[in-house]
Amino acid sequence: MESAPQPRHYGDFEVIAAIGEGGGGAVYRAKQRLLERDAVVKVARVSGDASIRDFLAEARLASRLEHPYAAHVYAFGVE
């Protein structure tokens, strides 16, 4: 009998299921374990220092958005 695959984790986020994938990365339904809440995790495909800097700059800006129709950024990082 095959065992179930182990869940993938990104920091405190446990991946539950894939939502979609495109040229820039993939999006997953996830659970933030510590706070026990549903979340969405976007995993961007970046390569090289310039791409990583651009990604972090975009994430910082997005985390400052406060609007009822904007997604909230709870965490971001590079692994």
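For the chain, carbon and sulfur atoms together expose 53% of the accessible surface, with a 1.4 angstrom probe and every protein chain in place. Between residue 12 and residue 54, the modelled labels are 3.0 nm apart [label points 7 Å from Cα along Cα→Cβ].
Axis of helix 49-63 versus longest Cα principal axis of the chain: the two differ by about 90°, to the nearest ten degrees. Its Cα centre serving as origin, the chain has a Cβ charge dipole (Lys and Arg +1, Asp and Glu -1) of approximately 120 debye.
Give me the percent relative contact order of the chain, please, defined on Cα pairs under 8 angstrom at least 6 residues apart. Walk me through the intermediate numbers first.
Numbers: 88 pairs, mean separation 13.2, N = 79.
The value is 17 percent.
Across the options 72, 44, 24, the greatest Cα extent toward the positive end of the charge dipole of the chain (unit charges at beta carbon of Lys, Arg, Asp, Glu) belongs to 72.
The values are calculated or read from the model by the stated rules, or taken from the named source; none is laboratory data. All values reported here derive from a predicted model rather than from experimental measurement. A quick note on method: Cβ atoms are made from the backbone with ideal geometry, for glycine too, and the neighbour counts reach across all protein chains shown. The accessibility values were calculated without ligands, DNA or RNA, using every heavy atom of the protein model including side chains. Shrake-Rupley method; radii C 1.70, N 1.55, O 1.52, S 1.80 Å.
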